[in-house]
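Visitor: Submitted below is the structure of interest, expressed as structure tokens.
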Amino acid sequence: MKLVQSSGEIPELKKSNVHIKNEKELIQKVNKIINDGNKKLQIVTDFDHTLTRHTMDDGSMVLTSFGMFRECPSIPQEYKDEDVRLWAQYKPIEDDPNMTIKEKTQHMIEWYIASNNMLKDVVFPRNELTDVGKTMVDCFRKGVKDMITWSETQQVPVLVFSAGLGESVLAAMKAANFLLPHVKVVSNFLDTDSHDKITGIKGEVIHCYNKNETVIKHTEYYEMVKDRNNVILMGDNLGDAGMAEGMEHCDVVIKVGFLGDNVEGNLNNYLNTFDIVLVREPSVDVVNAILKLVL
Ligand code: TMP
Ligand code: MG
């Protein structure tokens, strides 16, 4: 086992789009994770615009899991129009660098209620979603495949914790062959009636700012990671930084934040929240570089 003296030993951390507020603390965390090894480690990651990229090389935005649902051919036009309208209304609030989390949470709850109401009575487009999932394979960040393979080999559990639509997350992950036994998805899953019409979201709705103890306890994943106190966490939203807070036994969490929207306004907030901030980064190379030190 080889410990790290400075970030200079990890070339991926030296790129110009990589920002670290407290290098000393980060190196201490990395060394604790190396020291404790794979048996004490778990990976917790957001899905939309974290496992997937914000944008492709041509600048086009990558579909979110809600967006994937909207793209299913049988979804009524009124749903599509209203979905786009809600996105235009609430997405700027989610990215607003000046609004407090408390204020944002109120708006996000409104968004999820509106979205939930819209979903009601829509016939669930199962097969179509499988097809849309296949179009997402190239939208994952570069290196996600290596991360999934490494964690499978090292038996490190991966939680995909998404405030998006669970069925879409599963469709994209399945198409990419990432749904292995060590990978679990906690998200918003749809309830349907006997005619396959959507009746709502199962259980408590997960939104951007309650991704923590309220929804993680009592899941199959929680049982899997009871003895794993080190976490590598990845997210693109400030709310994602709290994703491991429901696991009281965790003491070291390396938080990696992907910043893609409103970069200038948000960089400071992200630096205060995440240990490593990656600006407009298409890969998970930084995470893989840290993982490779834990052998
Ligand atoms: P994530 O937690 O996997 O990133 O997913 C949450 C994203 O989904 C967040 O950016 C808000 C967005 N969203 C939609 O795109 N459409 C919706 O209808 C709702 C409620 C949320
Ligand atoms: Mg996200």
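Visitor: Just to be sure before I move on: is residue 80 more than 24 Å from residue 245 (Cβ to Cβ), within 16 Å of ligand 1 (Cβ to nearest atom), under 20 Å from the mean Cα position of the chain (by Cα) and not hydroxyl-bearing (Ser, Thr, Tyr) in the structure I sent? Spell out how you get there, then give the answer.
Guide: On the way: more than 24 Å from residue 245 (Cβ to Cβ): yes; within 16 Å of ligand 1 (Cβ to nearest atom): yes; under 20 Å from the mean Cα position of the chain (by Cα): no; not hydroxyl-bearing (Ser, Thr, Tyr): yes.
So residue 80 does not fit the description; no.
Visitor: Anything in the stretch 34-58 that is of a type in the set (A, V, I, L, M) and either out of contact with any strand residue (DSSP E or B) (no Cβ under 8 Å at 6 or more places or on another chain) or open to solvent by 10 Å² or more (accessible area, probe 1.4 Å) (or both)? List them, or say none.
Guide: Within the stretch 34-58, the subset of a type in the set (A, V, I, L, M) is 34, 41, 43-44, 51, 56.
Listed by number, the residues that qualify are 34, 56.
Visitor: Working only within the stretch 217-244, note down all residues that are out of contact with any Lys or Arg (no Cβ under 9 Å at 6 or more places or on another chain) and within 16 Å of ligand 1 (Cβ to nearest atom). Give the derivation first.
Guide: Of all residues in the stretch 217-244, those out of contact with any Lys or Arg (no Cβ under 9 Å at 6 or more places or on another chain) come to 217-218, 222-223, 225-226, 236.
Answer for the stretch 217-244, where residues must be out of contact with any Lys or Arg (no Cβ under 9 Å at 6 or more places or on another chain) and within 16 Å of ligand 1 (Cβ to nearest atom): just 236.
Visitor: Take the stretch 32-74 and flag every residue that is more than 21 Å from the chain's Cα centre (by Cα), away from ligand 1 (no atom under 15 Å from the Cβ) and assigned to a loop (DSSP other than H, G, I, E, B).
Guide: Once the filter is applied, which keeps residues that are more than 21 Å from the chain's Cα centre (by Cα), away from ligand 1 (no atom under 15 Å from the Cβ) and assigned to a loop (DSSP other than H, G, I, E, B), the stretch 32-74 yields 37, 58, 73, 74.
Visitor: Shifting gears a bit: Exactly one of these conditions fails for residue 115: (1) within 16 Å of ligand 2 (Cβ to nearest atom); (2) more than 26 Å from residue 278 (Cα to Cα); (3) hydroxyl-bearing (Ser, Thr, Tyr); (4) part of a loop (DSSP other than H, G, I, E, B). Give me its number.
Guide: Of the numbered conditions (1) within 16 Å of ligand 2 (Cβ to nearest atom); (2) more than 26 Å from residue 278 (Cα to Cα); (3) hydroxyl-bearing (Ser, Thr, Tyr); (4) part of a loop (DSSP other than H, G, I, E, B), the odd one out for residue 115 is (4).
Let's see how each residue does on (1) of a type in the set (Ser, Thr, Tyr); (2) assigned to a loop (DSSP other than H, G, I, E, B); (3) within 14 Å of residue 50 (Cα to Cα):
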{"position": "149", "(1), (2), (3)": "yes, no, no"}
{"position": "152", "(1), (2), (3)": "no, no, no"}
{"position": "155", "(1), (2), (3)": "no, yes, no"}
{"position": "161", "(1), (2), (3)": "no, no, yes"}
{"position": "167", "(1), (2), (3)": "no, no, no"}
{"position": "170", "(1), (2), (3)": "no, no, no"}
{"position": "174", "(1), (2), (3)": "no, no, no"}
{"position": "177", "(1), (2), (3)": "no, yes, no"}
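Visitor: Condition test on residue 157, is it open to solvent by less than 60 Å² (accessible area, probe 1.4 Å) and under 19 Å from the mean Cα position of the chain (by Cα)? Before the answer, list the steps.
Guide: On the way: open to solvent by less than 60 Å² (accessible area, probe 1.4 Å): yes; under 19 Å from the mean Cα position of the chain (by Cα): yes.
Yes: the conditions hold for residue 157.
Visitor: List every residue pair whose Cβ atoms sit under 8 Å apart, with the two residues 6 or more apart in sequence or on different chains, where the first one lies in the stretch 83-107 and is polar (S, T, N, Q) and the second, anywhere, is away from ligand 2 (no atom under 15 Å from the Cβ).
Guide: Every condition considered, the pairs that remain are 98/265.
Visitor: Moving to a separate point now. Can you find a residue that is of a type in the set (A, V, I, L, M, F, W, C) and within 14 Å of ligand 2 (Cβ to nearest atom) anywhere in the stretch 199-213? Please lay out each step first, then the result.
Guide: First, pick out the residues of the stretch 199-213 that are of a type in the set (A, V, I, L, M, F, W, C): 201, 205-206, 208.
Now restrict to residues that are within 14 Å of ligand 2 (Cβ to nearest atom): 206, 208.
The answer is yes, given that some residue of the stretch 199-213 is of a type in the set (A, V, I, L, M, F, W, C) and within 14 Å of ligand 2 (Cβ to nearest atom).
Visitor: Can you work out which of the residues in the stretch 245-262 that are within 16 Å of ligand 1 (Cβ to nearest atom) and either open to solvent by less than 10 Å² (accessible area, probe 1.4 Å) or part of a strand (DSSP E or B) (or both) is modelled with the lowest pLDDT? Explain how you work it out, then say what you get.
Guide: In the first step, residues of the stretch 245-262 are kept if they are within 16 Å of ligand 1 (Cβ to nearest atom); the result is 245-246, 255-262.
Still in the running and either open to solvent by less than 10 Å² (accessible area, probe 1.4 Å) or part of a strand (DSSP E or B) (or both): 246, 255-259.
Working: 246: 81, 255: 98, 256: 98, 257: 98, 258: 98, 259: 97.
So the residue we want is 246.
Visitor: Another question, then. Could you list all residues from the stretch 61-86 that are away from ligand 2 (no atom under 16 Å from the Cβ), closer than 21 Å to residue 173 by Cβ and open to solvent by 10 Å² or more (accessible area, probe 1.4 Å)?
Guide: Selection gives 70, 71.
The values are calculated or read from the model by the stated rules, or taken from the named source; none is laboratory data. Because the structure is a prediction, the values reported are computed rather than measured. Methodologically, a virtual Cβ is constructed for each residue, glycine included, from the backbone with ideal geometry; neighbour enumeration extends over all protein chains shown. For accessibility, only protein heavy atoms count, side chains too; no ligands or nucleic acids. Shrake-Rupley method; radii C 1.70, N 1.55, O 1.52, S 1.80 Å.
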